[in-house]
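What follows is one structure encoded as structure tokens, with my remarks underneath.
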Amino acid sequence: MSSTQVRSETAIETSRARRVDMKLEVVVIPVSDVERAKRFYGGLGWRLDADIVSGDEFRVVQFTPPGSPCSIHFGTGVTSAVPGSARGLYLIVSDIEAARTELVERGVDVSELFHRAGREGRLSGPDPARRSYASYASFSDPDGNGWLLQEVTVRLPGRVDADGTTFTSSTELASALRRAEAAHGEHEKRTGQRDADWPTWYAEYIVREQAGKQLPS
């Protein structure tokens with residue numbers, strides 16, 4: 001083995017051992033009218049984190065969607081992209097019908113629910129089997145930047161660190177508890193007896209579901 005190979009393999013092992021978290025914190029969206037955009041995103045119920053002005057050439061406004069670890073920036077002098085050119089900005093929700101209803105009540109023009117079915121493409125209504133990742137709705141801000149609501153209830157394997165279980169909101173946790181309750185009901189039917197240790201069963205179900213592992217039966 002050459003010294004170059006040794007150095008290369010050592011560097012790879014060191015890199016793995018020192019893996020640094022890289023958390024997506026902010027997405028910049030291009031807008032033409034900062035005040036109008038500020039009213040729109042504030043009207044969604046998103047949290048206003050900052051509105052910083054430096055002279056006439058720079059202004060940055062930050063909003064964060066409810067329960068989101070990632071925020072958005074817009075303003076003056078923050079991007080050279082054409083206003084309205086942002087597309088496919090995903091907002092993940094645990095209950096797409098409730099999320100759409102809330103936006104409509106806030107005066108947002110939201111599309112009807114739709115799902116995608118292979119070669120058939122986009123079809124009206126939520127996914128019939130209510131599969132995770134399969135139901136959508138869309139809306140745009142005043143500049144035309146496009147947002148997609150996507151319902152995710154069960155993460156695909158490998159999408160969540162195996163050692164951690166987290167929820168971004170009480171609504172998301174409540175949905176997980178309801179799914180665990182339904183599955184536990186089927187479990188008790190199979191065993192023919194009441195499970196007094198249901199909290200442990202619930203916890204195991206929720207942890208496995210989020211990690212994409214085989215669910216308890």
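If you take the residues of the range 177-196 that are acidic (Asp, Glu) and either assigned to a helix (DSSP H, G or I) or in contact with a Leu (Cβ under 8 Å, 6 or more places away or on another chain) (or both), which of them is most open to solvent (accessible area, probe 1.4 Å)?
This residue is GLU181.
Please verify whether ALA203 is among the small types (Gly, Ala, Ser) and either in contact with a helix residue (DSSP H, G or I) (Cβ under 8 Å, 6 or more places away or on another chain) or surrounded by fewer than 16 Cβ atoms within 10 Å (Cβ to Cβ) (or both), treating the condition exactly as stated.
So ALA203 fits the description; yes.
Say we look at the range 120-155 and pick out the residues that are under 19 Å from SER68 (Cα atoms) and among the aliphatic types (A, V, I, L, M); which of these is surrounded by the most Cβ atoms within 10 Å (Cβ to Cβ)?
This residue is ALA137.
Among what's in the range 102-119 and is open to solvent by less than 70 Å² (accessible area, probe 1.4 Å) and part of a helix (DSSP H, G or I), pick the residue that is farthest from GLY45 (Cα to Cα).
VAL104
Here's a check for you: in the range 69-90, which residue that is open to solvent by 30 Å² or more (accessible area, probe 1.4 Å) and closer than 25 Å to ARG131 by Cα is farthest from the chain's Cα centre (by Cα)?
The selected residue is ARG87.
Going by the conditions given, is ALA37 assigned to a helix (DSSP H, G or I), out of contact with any Lys or Arg (no Cβ under 8 Å at 6 or more places or on another chain) and either at pLDDT 95 or above or open to solvent by less than 60 Å² (accessible area, probe 1.4 Å) (or both)?
yes
Name the pairs: first residue in the range 81-106 and closer than 13 Å to TRP147 by Cβ, second residue open to solvent by less than 30 Å² (accessible area, probe 1.4 Å) and assigned to a helix (DSSP H, G or I), Cβ to Cβ under 6 Å, at least 6 apart or on different chains?
What qualifies is VAL93/ALA99.
Answer with yes or no whether PRO142 is modelled with pLDDT under 90 and either of a type outside the set (A, V, I, L, M) or on the phi > 0 side of the Ramachandran plot (or both).
Numbers: modelled with pLDDT under 90: no; either of a type outside the set (A, V, I, L, M) or on the phi > 0 side of the Ramachandran plot (or both): yes.
No: the conditions fail for PRO142.
Pairs needed: first member in the range 40-66, on the phi > 0 side of the Ramachandran plot; second member anywhere, outside any helix (DSSP H, G or I); C-beta distance under 7 Å; at least 6 residues apart or different chains.
Close Cβ pairs (under 7 Å, with a partner that is outside any helix (DSSP H, G or I)) amount to GLY45/PRO66; GLY45/ARG106.
Between SER85, SER94, SER124, which is within 22 Å of ILE29 (Cα to Cα) and of a type in the set (Ser, Thr, Tyr)?
Being within 22 Å of ILE29 (Cα to Cα) and of a type in the set (Ser, Thr, Tyr) holds for just one of SER85, SER94, SER124, which is SER85.
Considering only residues that are at pLDDT 75 or above and either among the hydroxyl-bearing types (Ser, Thr, Tyr) or more than 17 Å from ALA98 (Cα to Cα) (or both), look in the range 161-176 and name the one that is least open to solvent (accessible area, probe 1.4 Å).
The residue in question is SER175.
Do we have LEU123 as at pLDDT below 95, touching a Phe, Trp or Tyr at 6+ places or on another chain (Cβ under 9 Å) and assigned to a strand (DSSP E or B) here?
Yes, satisfied.
The values are calculated or read from the model by the stated rules, or taken from the named source; none is laboratory data. Predicted, not measured: the structure shown is a model, and the values here were computed from it. FYI the Cβ positions are ideal-geometry reconstructions off the backbone, even for glycines, and counts take in every protein chain you see. Only protein heavy atoms, including side chains, enter the accessible area calculation; ligands, DNA and RNA are left aside. Shrake-Rupley method; radii C 1.70, N 1.55, O 1.52, S 1.80 Å.
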